[in-house]
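See below for the structure under consideration.
Read the figures in this text as sums done on the coordinates, not as results from a lab. These numbers were taken from a predicted model, which means no experiment stands behind them. With ideal geometry, Cβ positions are generated from the backbone for all residues, glycine too; neighbour counts draw on all protein chains shown.
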Amino acid sequence: MSKQIIQTANAPAPIGPYSQAVRTGSLLFVSGQVALKPGTNEFANKDIAEETQQVMQNLQSILVEAGMDFSNVIKTTIFLSDMELFAQVNEVYATYFRGDFPARETVAVKGLPKNARVEISVIAAEN
């Protein structure tokens, strides 16, 4: 099976040896995104709502580059630095979907890249 690397300047460049996303067949696997602002080393983290908003915008930019949007997302994984952030993250996250929500798990972890409080990855499929 072949794979296609997806890369856009409208989302942060990878901070390690990985791709923003990889397409294989009809599936798109988007690497976990934190709240880095594209083209900068700045972090959008005034509060957890702003941080989550930037994460979702980064994901959206990668999906668009692949010719998709949030309606194509079939699975998400949310990593939180503290489960106390769940409700606030969930509130922002929910605004990006229209009813048919993807499968999801949310886990609390000891640490995230760049001391982020939230990181989200997605799997999407062509309709």
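Couplings 3J(HN,Hα) of segment 69-82, computed from phi: 8, 5, 5, 8, 6, 10, 7, 10, 10, 10, 10, 10, 6, 7 Hz, in residue order, whole Hz [Karplus 6.51 cos²θ - 1.76 cosθ + 1.60, θ = phi - 60°; x for Gly and Pro]. Cα to Cα, under 22 Å, and not fewer than 8 places away if on the same chain: which lysines meet these conditions relative to residue 75? Those lysines meeting the cut-off are 3.
Using only side-chain charges placed at the Cβ, +1 for Lys and Arg and -1 for Asp and Glu, the dipole size of the chain relative to its Cα centre rounds to 340 debye. Annotation for residue 84 and residue 40: the two label points, set 7 Å from Cα along the Cα-Cβ direction, are 2.8 nm apart. Of all the Cα-Cα pairs you can form in segment 4-125, what percent are over 16 Å apart? Result for the distance tail: 57 percent.
Mind checking segment 22-127 for trypsin sites (Lys or Arg not before Pro) that DSSP puts in a loop (not H, G, I, E or B) and that have at most 11 other Cβ atoms within 10 Å? List each step's numbers first, then the result.
Numbers: sites: 23, 46, 75, 98, 104, 110, 114, 117; in loops: 46, 98, 110, 117.
In loop regions of segment 22-127 (DSSP not H, G, I, E or B), the sparsely surrounded trypsin sites (Lys or Arg not before Pro) are 46, 98, 110.
With the Cα gyration tensor of segment 1-68 giving a ≥ b ≥ c as the square roots of its eigenvalues, does the rule (a/c under 1.5 for rounded; else a/b larger than b/c for prolate; else oblate) give rounded, prolate or oblate? Numbers along the way, then the final one.
Values: a/c = 2.53, a/b = 1.94, b/c = 1.30.
Prolate, since a/c reaches 1.5 and a/b exceeds b/c.
Over segment 4-125, what is the mean sequence separation of C-alpha contacts under 8 Å (at least six apart), divided by residue count, expressed as relative contact order in percent? Result for segment 4-125 is 32 percent.
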